[in-house]
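Everything below concerns the one structure shown next.
The values are calculated or read from the model by the stated rules, or taken from the named source; none is laboratory data. These numbers were taken from a predicted model, which means no experiment stands behind them. Cβ atoms come from the backbone with ideal geometry, glycine included; neighbour counts cover every protein chain shown. Accessible surface areas use protein heavy atoms only, side chains included; no ligands, DNA or RNA. Shrake-Rupley method; radii C 1.70, N 1.55, O 1.52, S 1.80 Å.
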Number of protein chains: 4
Amino acid sequence: MLFISDTTAGVVPEILQALEKANDGMFLGYEGDPVCRDMKARFAEVFESDVSVFLVATGTAANALALSVMTPPYGVVFAHDGSHINVDECGAPEFYTQGAKLAAIKGANGKIDPTGITAALNDFPKGVVHRMQPGGVSISQATERGTIYSLEEIKAISDLAKSHGMATHMDGARFANALVALNCSPADMTWRAGVDVLSFGATKNGALMAEAVVFFNTDLVKDFAYRQKRGGHLFSKSRFSAGQFLGYFQDDLWRRLARHSNAMAAKLGARLAALPGYELDCPVDTNQIFVKMSSDRVRHWQEAGVQFYLWSGDPTEARQLVRLVCSWKTTDEQVDQLLEVAKG
Amino acid sequence: MLFISDTTAGVVPEILQALEKANDGMFLGYEGDPVCRDMKARFAEVFESDVSVFLVATGTAANALALSVMTPPYGVVFAHDGSHINVDECGAPEFYTQGAKLAAIKGANGKIDPTGITAALNDFPKGVVHRMQPGGVSISQATERGTIYSLEEIKAISDLAKSHGMATHMDGARFANALVALNCSPADMTWRAGVDVLSFGATKNGALMAEAVVFFNTDLVKDFAYRQKRGGHLFSKSRFSAGQFLGYFQDDLWRRLARHSNAMAAKLGARLAALPGYELDCPVDTNQIFVKMSSDRVRHWQEAGVQFYLWSGDPTEARQLVRLVCSWKTTDEQVDQLLEVAKG
Amino acid sequence: MLFISDTTAGVVPEILQALEKANDGMFLGYEGDPVCRDMKARFAEVFESDVSVFLVATGTAANALALSVMTPPYGVVFAHDGSHINVDECGAPEFYTQGAKLAAIKGANGKIDPTGITAALNDFPKGVVHRMQPGGVSISQATERGTIYSLEEIKAISDLAKSHGMATHMDGARFANALVALNCSPADMTWRAGVDVLSFGATKNGALMAEAVVFFNTDLVKDFAYRQKRGGHLFSKSRFSAGQFLGYFQDDLWRRLARHSNAMAAKLGARLAALPGYELDCPVDTNQIFVKMSSDRVRHWQEAGVQFYLWSGDPTEARQLVRLVCSWKTTDEQVDQLLEVAKG
Amino acid sequence: MLFISDTTAGVVPEILQALEKANDGMFLGYEGDPVCRDMKARFAEVFESDVSVFLVATGTAANALALSVMTPPYGVVFAHDGSHINVDECGAPEFYTQGAKLAAIKGANGKIDPTGITAALNDFPKGVVHRMQPGGVSISQATERGTIYSLEEIKAISDLAKSHGMATHMDGARFANALVALNCSPADMTWRAGVDVLSFGATKNGALMAEAVVFFNTDLVKDFAYRQKRGGHLFSKSRFSAGQFLGYFQDDLWRRLARHSNAMAAKLGARLAALPGYELDCPVDTNQIFVKMSSDRVRHWQEAGVQFYLWSGDPTEARQLVRLVCSWKTTDEQVDQLLEVAKG
């Protein structure tokens, strides 16, 4: 019973077929091939906007490269304390921005808000040469806690960012999961809400290795292509990354997969919450569940062969926070099996 | 008629099948999955040595990351003037090493030798704080000119490097092509000849996106894993990169593909050289041909629909140096067709 | 009435005389001249240890360069939230370390303690490749709040650092002020308490431009000289930096100056605290006073021509935190004048 | 007999007096004090232009920081093979530009010209994402060989730079020596000849530690102040750097000192050239002499106590190139003494 990450699930068959399709013909790549051109056109349709799209190998690369054109090296990026860029990328943002600082803002349910950003901004007054300077804002949709920002919340943050001369980045490693949860259009959740640049991830939702940086504010693009190349993220056979996105968008595959994993998580979360000894730590908006339980139960789960993530990292704590993730491949049976263990 | 690059050829069917095979099961990735374990064991067999292997997205990333553990930021990497790291990576080595210098050494047929390195070293005396310090040596096998170093030549370079306290890196973007040309073992061409770390490329020889950094000198590995992650090159679904290598090594696929593209190039080179008005600029050791011709002929080729690379980049020169590349997919018919054009 | 910083005071006559003395003779510099040799010998005496000393232009450079040999680029330096390195150096630590993170730890009176460091360390588990890695600890003595660590407090922090494989850095921009306040030896306050490397500042205490990086743990020195040069901090006429230190240590000048500024601050702090409407925000251990007052009083002071620093940076707050600094040049009369204003 | 460098000579008395004068009063520094304001006004007069001036600790810092606002991190700076930035700064330009490349151009007498730059530019076509991009041009006036560019030569280079969208930097570590040799105005030798930014050095010509970055093209300044601070080159007591420049410009001191050292070198060069066994390697335009002699003579000079620089660094060569430098302090007697040795 593997509930440790949505990346465990491998690739959906439709994406493998898309790879085979992308293999037709011979083309010089480097994002200049016909598959890439189709992919870019597809992104423009999906987002109802003339976006600029760049392909990279990982979500970490997408985030760090996106930030690198937002902030100067002496700039500050405002993000949640527990955000992926702040916690799980081994300093990739600092590397690609060549020394920017992440201002880690606290906030319930993995979310930041204008109040927290404003307070943090106070430490970095504009024009004071001793201080690092406001560089950008980054939010995750869905967040690292599986929660989502409403469109109004996104708008409020991007408005604040803009009023301080900053752009807004969205880490969309689980973009589809948030999108179907909000039941809005991709445009609504991004540029119409003031987002300037998006890390658009497909890997966690069934692709093989497909991550893109999508610019809505094309003034920001600047020298992105050189930075991408310099980071070793310009693919010679780019059509195989582009092809995955074509498969992903085909027949609404991406939304179908995300709806499924969200539904599995909703069921699992609701049932667990109804059991004695389990307490949800935050709303189950997408495909992640954060649940508190005793360390005795943790041991019981482990002995029963359930794989999951101890959020604190400290197995000696009496009360544990556990993360469970459902994927496009998670089945009703697997959820039921886990619930059996949970009852035990 | 596409002779512009070996990356145009797409993916061999065996590698696509290997991807499907890698899709079986559910695993946490990040190079900890069973497919990666198999891949690493396979590399150890192939190289007859207990190597350390890391997967990355591109050859540029492999090279730059390998150099980053060889040289300090104030170090100098000695390489050929026309090497990929010096010319075609938009400063990725400078980025990943955080400011090292590439000392560009001239040399016939794309190769450097101990004399050239020794002369260049003279500018960087050890222990003089005003000068950048010797950081490493990098050679390409095959070279950017399609030529190869003999085992003795590699040994002479790595011996010199060692005597100056430097490690030796090999850019093996076309490793298989060189290997079958030399008809030796992978071990002979690398660690037995003193190579410390190798960028092992499979993408140009039929893979989808499969590049690895292979350490023979495991003292060099140091903090490579952190640097890889920080560069956005640690894959969550690492099994799909690893799986490509399993397919690549299976039934000697890699050598068969390389032998084919080399044979196509040998035929094309020999036939062209026999035609009036064409002159080979360097030996055709592997799958690349460098041929000089008049700009009239260049125009004729272009009008006939042949795609190739003008090496000087300057279409106004009277006499042009043209690069032609054969791939695993190049056919006898295509070569004959091109020869027909060449005669015309 | 200038109480805004101790850097306003210019240079003590003894240091100007030392400069003239250093001007005798002709020497090749770059820290190889006889004045530098004398200076280094003097440091060894003062610290009762065979230290390695390097001269730089500013305290910011001293701090950032010291950190650059402690932490890898993907490392974390644990320091107080309000420390100079975290707040007032425009990202110099991030620049010189090439991307390290500062973990900003809260703590009363500008001080951190083992509990705070331990909690922060929890976010950066050793060996987890997704996480930045423990890189070093930095404390300021005296702190940015003018307070001091006891020898036991320093020892407890450096012991904790060591137990996690980290070195301890001390920002001694106001080292002399702390030293005379603790009334201990330089050795006691540094290496005997486990400090590995010190930014030793003389500029704020009467020198012209004299900052040094002092290594007690010479294993840490590694390639410091190259990093210093590369930062543009190796002086050709190094004897004029070295000469200032010779003057500074001569006849205990440094302690005399520090005692004076501390005494002025002690008097000012005590008298202010005794007046209605003023409240000290932290102990006055050295030459800085942090006092709370109404914004009406702030305006009154400003109209009376007192120059000082509004700590919050926000002049609209009802209750203000004000920093006052005494220097080697502050006189009893100036303090009395200010107290008259304060009473008004 | 110290002819090894002009930095050996210490400080002229007028500059020490200027330091004492700068010590009057109490001011907050960081380039906001009245001495700095006077200094900036003085620079504007001297250069007949509304320049932007920033103070730094060393010529290396001035050069590297100037380049950092000219070129992107993936840019190329075109400079002479033997330039200080390429040879003697331990990679400071690479550090401050965060990874730019120096294209080392050969040229007689330490000078580059449009032909050499144009040839080098060919390797870095604009807009090709695989290649580093044209970033800037840097020339030294006087050069590392003591020679000078004519105004026409400077103009030809800066015109070429501009036509490729690049700015032109001048390393003026020995600016005054070149200026009096050309007998033109500072404006003529810089912005009127198309120079955008200048490293203006006073240290080699009698100051204690006084280097400035002077922008004629103020569009280039951009975020220079943040980069300066981040490099640890913003002085709290900036008035003592500024004061040196006030003394330097006072009563034409700078030109007088430079004329003297040039005259000493002219005499020494001419007399040496007239002796058998000595051959000037390049014209003696300023205060440096490059002379070829047998290694026997080198030994003889060394035994006679003459200190100088072996340019090749290799004492085993039969024929040696020796550098001799005269300073503001070099006397006729010292020159005569050296000539006596040379005859012996």
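Per the Debye formula on identical point scatterers at the alpha carbon atoms of segment A:268-307, with no solvent, log10 I(q)/I(0) at q = 0.16, 0.23, 0.32 Å⁻¹ is -0.41, -0.80, -1.13. Close amide-amide hydrogen proximity is noted between D:HIS80 and D:ILE105, each under 5 Å apart and 5 or more residues distant or on a separate chain (H modeled in the peptide plane; Pro and chain starts excluded). Of the residues C:MET170, C:GLY206, C:GLY99, the one whose Cα sits farthest toward the positive end of the charge dipole of chain C, with +1 on the Cβ of Lys and Arg and -1 on the Cβ of Asp and Glu, is C:GLY99.
Each copy carries a label point for B:SER295 at 7 Å from Cα toward Cβ; from one copy, the others' points are 5.0, 7.3, 7.8 nm away, ordered from shortest.
Interface of A with B. Using a 1.4 Å probe and counting protein heavy atoms only, the two chains hide about 4200 Å² of accessible surface, both sides summed.
For segment D:224-286, the Kirkwood radius over C-alpha pairs fed into Stokes-Einstein at 4 °C and 1.567 mPa s yields D = 85 µm² per second. Over the residues of chain A, the helix contribution to mean residue ellipticity at 222 nm works out to -11500 deg cm²/dmol, using -39500 (n - 2.57) for each DSSP H run of at least 4. Backbone phi angles across segment A:240-248, fed through the Karplus curve with coefficients 6.51, -1.76 and 1.60 (θ = phi - 60°), yield HN-Hα couplings of 7, 7, 4, x, 4, 5, 4, x, 5 Hz in residue order; Gly and Pro are listed as x. Rounded to the nearest Hz, the phi-derived 3J(HN,Hα) couplings of segment A:101-108 under the Karplus curve 6.51 cos²θ - 1.76 cosθ + 1.60 (θ = phi - 60°) are 10, 9, 8, 8, 9, 6, x, 5, where x marks glycine and proline. Plainly put, the tip 7 Å out from Cα toward Cβ on B:ASN122 is 2.6, 6.2, 6.4 nm from that tip on each other copy, the closest given first.
Quantify, in whole percent, the carbon and sulfur part of the accessible surface of segment D:36-113 (1.4 Å probe; protein heavy atoms only). Percent of accessible area from carbon and sulfur atoms in segment D:36-113: 45.
The trypsin sites (Lys or Arg not before Pro) of segment B:51-133 that meet both conditions, a loop assignment by DSSP and at most 15 other Cβ atoms within 10 Å of the site Cβ, are B:LYS106, B:LYS126.
Each 5 Å bin from 0 upward holds the following percent of the Cα-Cα pairs of segment D:15-64: 5, 17, 20, 26, 23, 9, 1.
Translational diffusion of the protein assembly as shown, estimated by Stokes-Einstein from the Kirkwood radius over alpha carbon pairs at 10 °C in a medium of 1.306 mPa s, is 47 µm² per second. Taking all Cα-Cα distances within segment D:23-110, those exceeding 22 Å account for 45%. Note on D:ARG37 and C:ASP24: with the Förster distance fixed at 35 Å, the Cβ-Cβ geometry gives a FRET efficiency of about 0.55. Subtracting the Cα-Cα distance of D:SER312 and D:GLN337 from 0.36 nm times their residue separation leaves 6.5 nm of extension gain. By Cβ position, the chain A residue that hugs the axis carrying A onto B most closely, with its distance in whole Å, is A:ALA57, 2. With both labels modelled 7 Å from their Cα along Cα-to-Cβ, the D:LEU151 to D:LYS222 distance reads 3.1 nm.
Inter-copy label distances at B:PRO315, shortest first and taken from points set 7 Å along Cα to Cβ: 5.9, 6.4, 6.6 nm.
Most tightly packed first, judged by the mean number of other beta-carbon atoms within 10 Å of their residues, the peptides C:194-205, A:296-307 read C:194-205, A:296-307. Using a Gaussian network model on chain C with a 10 Å cutoff between Cα atoms, which of C:ALA44, C:ALA258, C:ALA274 fluctuates the most? Sorting by GNM fluctuation, first place goes to C:ALA274. If you wrap chain B in the convex hull of its Cα atoms and look at it from every side, the mean projected area works out to 17.4 nm². Rg and Dmax, both from the Cα atoms of segment D:135-204 and both in Å, are 11.1, 34.
Coupling constants for segment D:128-139 follow from the phi torsions by the Karplus curve (6.51 cos²θ - 1.76 cosθ + 1.60, θ = phi - 60°), and in residue order they are 8, 5, 6, 9, 4, 10, x, x, x, 10, 10, 10 Hz; glycine and proline get x. I'd like the antiparallel share, as a percent to the nearest 5, of DSSP beta bridges with both residues in the protein assembly as shown. Percentage antiparallel, nearest 5: 55. The tail of the calculated P(r) for segment A:286-344 beyond 19 Å holds 27 percent of all Cα-Cα pairs. What you get for segment B:28-161, charging only the Cβ of Lys and Arg (+1) and of Asp and Glu (-1), is a dipole of about 360 debye around the Cα centre. Scaled to the globular estimate 2.2 N^0.38 Å, the Cα spread of segment C:108-252, given as radius of gyration, is 1.13. Whole-percent P(r), segment D:178-271, all Cα pairs, 10 Å bins from 0: 13, 38, 34, 12, 3. For segment C:195-344, the share of accessible area belonging to carbon and sulfur comes to 48 percent (1.4 Å probe, ligands and nucleic acids excluded). Think of each Lys and Arg Cβ as +1 and each Asp and Glu Cβ as -1; about the Cα centre, that makes the dipole of the protein assembly as shown roughly 0 debye. Semi-axes of the equivalent ellipsoid of segment A:209-314 are 39, 18, 15 Å, computed as sqrt(5λ) over the eigenvalues of the C-alpha gyration tensor in descending order.
Taking label points 7 Å from Cα along the Cα-to-Cβ direction, D:LEU275 and A:ASP251 give a separation of 9.2 nm.
Between C:GLY10 and D:PHE27, the built amide H atoms are under 5 Å apart, and every one of these is 5 or more places off in sequence or on another chain.
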